[in-house]
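The values are calculated or read from the model by the stated rules, or taken from the named source; none is laboratory data. Because the structure is a prediction, the values reported are computed rather than measured. Here the Cβ is made from the backbone with ideal geometry for all residues, glycine too, and neighbour counts use every protein chain on show. For the accessible areas, the whole protein counts, side chains as well, though only heavy atoms, and no ligand, DNA or RNA atoms are used. Shrake-Rupley method; radii C 1.70, N 1.55, O 1.52, S 1.80 Å.
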Amino acid sequence: NMPNKKNIETVAHLKERIDSCAGLVFFDYRGVNVAQLTDLRRELSKTSSSMKICKNSLVDIALKNLGREVKDEMFINPTAVVFAKEDMPAAAKVISEAAKKNDKIKIKGGYMGADLLDSANVEVVANIPPREVLLSHLVTALQSPISSLANSLQSVISELAYTLDSVEEEKKKSA
């Protein structure tokens, strides 16, 4: 069965969008009403992210064409795709918060860059402090004497290392 022109174009468009993103989040939206999806879109747009409801098979093909690792369970049931343009933690946080308020929203997983995340890892990413917070720590450090600069940098680095370790731990658990 030959792929139709529209599907080929959709896959090409998806590949382009996926490739230019900092990250992706997939979630099951069954039972979520239009008003709730509209609110979610509005919240995501504040993080320069967008949401699209796509055919699972086309997203799957686009990801595989880009050489990404794909877990089949991500594409069982209808899937909404969140494209995080530059701030993956902020986009993940929007979906994570929405899922806490609405049990119909079920995070399936996603990608941070090209790395596959399961739903637990998406939650870990959602808890990374926002870029502004990390930058303000840095600015504060730069305004203080050099000895405390070293300490502050050390704490920013340990914070990041801790976050990366917890992502690694989650990966081992889910392996």
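So here's what we get for this one:
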quantity	calculated
Residue within the range 115-136 that is of a type in the set (A, V, I, L, M), within 17 Å of Met51 (Cα to Cα) and open to solvent by less than 90 Å² (accessible area, probe 1.4 Å) present	yes
Any hit, the range 122-137, residues being modelled with pLDDT of 95 or more and among the polar types (S, T, N, Q)	no
Complete set of residues in the range 12-25 that are closer than 26 Å to Ser119 by Cβ and either over 20 Å from the mean Cα position of the chain (by Cα) or in contact (Cβ under 8 Å) with a residue 60 or more places away in the chain (or both)	Arg17, Ile18, Ser20, Cys21, Ala22, Gly23, Leu24, Val25
Hits in the range 1-29 - residues which are among the basic types (Lys, Arg) and at pLDDT 95 or above	Lys15, Arg17
2 or more residues more than 15 Å from the chain's Cα centre (by Cα) and touching a residue at least 12 places away in the same chain (Cβ under 8 Å): qualifying helices (runs of 4 or more DSSP H) within the range 85-175	131-143, 146-174
The range 26-55 - residue that is open to solvent by less than 30 Å² (accessible area, probe 1.4 Å) and over 15 Å from the mean Cα position of the chain (by Cα) and, of those, nearest to Asp118 (Cα to Cα)	Cys54
Qualifying positions in the range 101-112 - over 18 Å from Lys46 (Cβ atoms) and open to solvent by 30 Å² or more (accessible area, probe 1.4 Å)	Asp103, Lys104, Lys106, Lys108, Met112
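Each row is one residue, and each column tells you yes or no for (1) among the basic types (Lys, Arg); (2) under 23 Å from Ser174 (Cα atoms).
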{"position": "Phe26", "(1), (2)": "no, yes"}
{"position": "Arg41", "(1), (2)": "yes, no"}
{"position": "Met51", "(1), (2)": "no, no"}
{"position": "Ala62", "(1), (2)": "no, no"}
{"position": "Glu73", "(1), (2)": "no, yes"}
{"position": "Ile107", "(1), (2)": "no, yes"}
{"position": "Tyr111", "(1), (2)": "no, yes"}
{"position": "Val122", "(1), (2)": "no, yes"}
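Matching residues to (1) over 18 Å from Glu123 (Cα atoms); (2) in contact with a strand residue (DSSP E or B) (Cβ under 9 Å, 6 or more places away or on another chain):
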residue: Glu16; (1), (2): yes, no
residue: Ser20; (1), (2): yes, yes
residue: Ser57; (1), (2): yes, no
residue: Ala62; (1), (2): yes, no
residue: Val82; (1), (2): no, yes
residue: Asn102; (1), (2): no, no
residue: Ile107; (1), (2): no, yes
